[in-house]
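The values are calculated or read from the model by the stated rules, or taken from the named source; none is laboratory data. Everything numeric here is computed off the predicted structure, so don't read it as measured data. Positions of Cβ are generated from backbone atoms using ideal geometry, with glycine treated the same way; all protein chains shown enter the neighbour counts.
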Amino acid sequence: MVQPNSSNARRHFLKSGLATAVASSGMALGVPTFLSGCTSVTEAGRTQRQWDAEANLIKAMIKRPAFPELEVSVADFLKEHNSDFKQALHAAIEHLTSQGGGKVVVPKGDWVSNGPIHLKSNINLHVEQGAIIRFSTRPDDYKPYVYTRWEGMELMGYSPLIYAFEQTNIAITGKGTLDGSATKDNWWPWKGKWKTSAWGDDPVENQKYTRDTLQEMVEKAIPVSDRVFENNYLRPPFIQPYRCENVLIEGVTILRSPFWLVNPVLCKSVTINDVYCKSFGPNSDGCDPESCTNVLISNCTFDTGDDCIAIKSGRNADGRRVNVPCSNIVIEHCEMKAGHGGVVIGSEISGGVENLYAQYCNMSSPDLDRGIRIKTNSIRGGHLKNLNYRNINIGTVKDAVVVNFFYEEGDAGNFPPLLEDITVENLHVESADRAFMLRGYDHTPISGLTLNNIVIKRALQDAVIENVAQLSLNNVVVNDKPFERKEK
């Protein structure tokens, strides 16, 4: 059943949400029609003009970094640092930082970094086409530990391969390649059993034991400075700017990550454009913005061993302690190949997410498990509101649209998720095992979900719909027939 006041509720939310964000940013607001309420909204959804205005308003709030004209090449610093690439690169960064910043160029060639790269404010790390930076796989090279997040929990852990902490105006650009060098022979077995029992079954070198202890520390509110492990088997993410502003990652290819590939945390104004992510290891998520505000992910290709894009905001008690949602996110013109999910919310989503616009994306692979996915449970919780997906084409997928409150621990906590204003519109799917997998709780059903103009040409199995309230179906066609809800 369509809720009669859903359009008014949406306009009210946007007035109090996005409009407030614009005002607090100091930007002049020429009120568009979707905020003024002058443009009519049909029962089946908003007009394209309104949707464009909402997404464009977010993009207008994102500030790309700007840099001084100064430029140096890392090659100019090699001689004085005995041809050690990492030392030469940091010397180049320090040199430019002392002069107010600029572009550090990594020229064509095969370079080896024996440890992490730490960026500083006003530095653009430019990796030229034909340049490859290969990173060490020795864990000790990523010490001393830094303030980081791992699966939504803060700790003092291995430095990400490329890291920045509380910096402003930073970038990684160019058409070069960043290779984490991770394989089944180094980082990946720390996952524990994964796909095959032939590796990753060590009772010590297994992330489970470090992860379990970290989770206990989180629940006991142990200070982050004391969350330190002598024997640490939590693999570092590839790129993690932490509490940074005006972040740009553009043009590069990212390969073989130990863990998540691009993971901005608690950042403001993040642009990720024209990035190619390819990594088939465990937890090889392509792009995971966590608790970030004003994010654009565009023109990227994801071919990954886990979720292509996953929006996150902290796990369990830590997510509620930090209490910063991921907000104002636009995803557009991206291609999703292999992965557990195309555009995903969760599962570390305890801080909530709001104002997401995913549009004009193509997804297709026999190895793509789910197209649009929301995953959480009553331990994670999270208030998820104003999530919008439109103009998405899916070729082959297992489940086209998934909302699952039973992820991992299931209904075992006291923080049931809350969904509000979730819209999927103009979705075209060639072939799916199932069209919809929607599983809520009997005490807290899925709510506020609208499906408009959806065509799933071939679905092999019946949809699963359990404990779903306020489901609005408008022109939904599956196997050439109007879709009829059948609650199990």
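Only strands (runs of 3 or more DSSP E) wholly contained in the range 413-488 count here; list those with 1 or more residues that are under 20 Å from residue 397 (Cβ atoms) and in contact with a Gly (Cβ under 8 Å, 6 or more places away or on another chain).
Fully inside the range 413-488 and qualifying: 418-439, 449-456.
Working only within the range 470-488, note down all residues that are at pLDDT 95 or above and in contact with a Pro (Cβ under 9 Å, 6 or more places away or on another chain).
473, 475, 476
What about residue 296, is it touching a helix residue (DSSP H, G or I) at 6+ places or on another chain (Cβ under 8 Å), of a type outside the set (S, T, N, Q) and either modelled with pLDDT of 95 or more or within 18 Å of residue 343 (Cα to Cα) (or both)?
The answer is yes for residue 296.
For the range 80-144, list the strands (runs of 3 or more DSSP E) that sit wholly inside it and hold at least 1 residues that are more than 23 Å from residue 67 (Cα to Cα); which are they?
Ranges flagged: 109-113, 131-135.
Listed here are the residues, each with its yes/no results for (1) among the small types (Gly, Ala, Ser); (2) on the phi > 0 side of the Ramachandran plot; (3) crowded, with 24+ Cβ neighbours inside 10 Å.
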site: 350; (1), (2), (3): yes, no, yes
site: 377; (1), (2), (3): no, no, yes
site: 396; (1), (2), (3): no, no, no
site: 401; (1), (2), (3): no, no, yes
site: 410; (1), (2), (3): yes, yes, no
site: 423; (1), (2), (3): no, no, no
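Testing residue 114 on (1) of a type outside the set (Ser, Thr, Tyr); (2) buried (at least 17 other Cβ atoms within 10 Å of the Cβ); (3) under 19 Å from residue 91 (Cβ atoms), one condition comes back false. Which one is that?
Here residue 114 clears every test but (2).
Just checking, does the range 426-435 include any residue being crowded, with 22+ Cβ neighbours inside 10 Å, under 21 Å from residue 312 (Cβ atoms) and touching a residue at least 40 places away in the same chain (Cβ under 8 Å)?
No, every residue in the range 426-435 fails to be crowded, with 22+ Cβ neighbours inside 10 Å, under 21 Å from residue 312 (Cβ atoms) and touching a residue at least 40 places away in the same chain (Cβ under 8 Å).
Tell me which residues, restricted to the range 296-318, are within 22 Å of residue 215 (Cα to Cα), crowded, with 23+ Cβ neighbours inside 10 Å and of a type outside the set (D, E, K, R).
Once the filter is applied, which keeps residues that are within 22 Å of residue 215 (Cα to Cα), crowded, with 23+ Cβ neighbours inside 10 Å and of a type outside the set (D, E, K, R), the range 296-318 yields 310, 311, 313, 314.
Could you identify the single residue in 44, 66 that is out of contact with any Lys or Arg (no Cβ under 8 Å at 6 or more places or on another chain), modelled with pLDDT under 95 and either within 30 Å of residue 476 (Cα to Cα) or not β-branched (Val, Ile, Thr) (or both)?
One residue alone meets the criteria, 44.
Which members of the range 192-236 meet the condition of being in contact (Cβ under 8 Å) with a residue 60 or more places away in the chain, polar (S, T, N, Q) and in a loop (DSSP other than H, G, I, E, B)?
Hit for the range 192-236 is 232, nothing else.
What pairs come up if the first residue lies in the range 281-301 and is closer than 24 Å to residue 185 by Cα, the second is basic (Lys, Arg), and their beta carbons are under 6 Å apart, counting only those six or more places apart or on different chains?
282/191
Output yes when any residue across the range 285-294 is buried (at least 24 other Cβ atoms within 10 Å of the Cβ), more than 17 Å from residue 243 (Cα to Cα), more than 12 Å from the chain's Cα centre (by Cα) and not polar (S, T, N, Q), and no when none is.
No, the range 285-294 has no match at all.
So which residues in the range 194-207 are at pLDDT 85 or above and either outside the structural domain of residue 259 (by TED's automatic domain parsing) or under 13 Å from residue 282 (Cα atoms) (or both), if there are any at all?
Residues satisfying the conditions are 206, 207.
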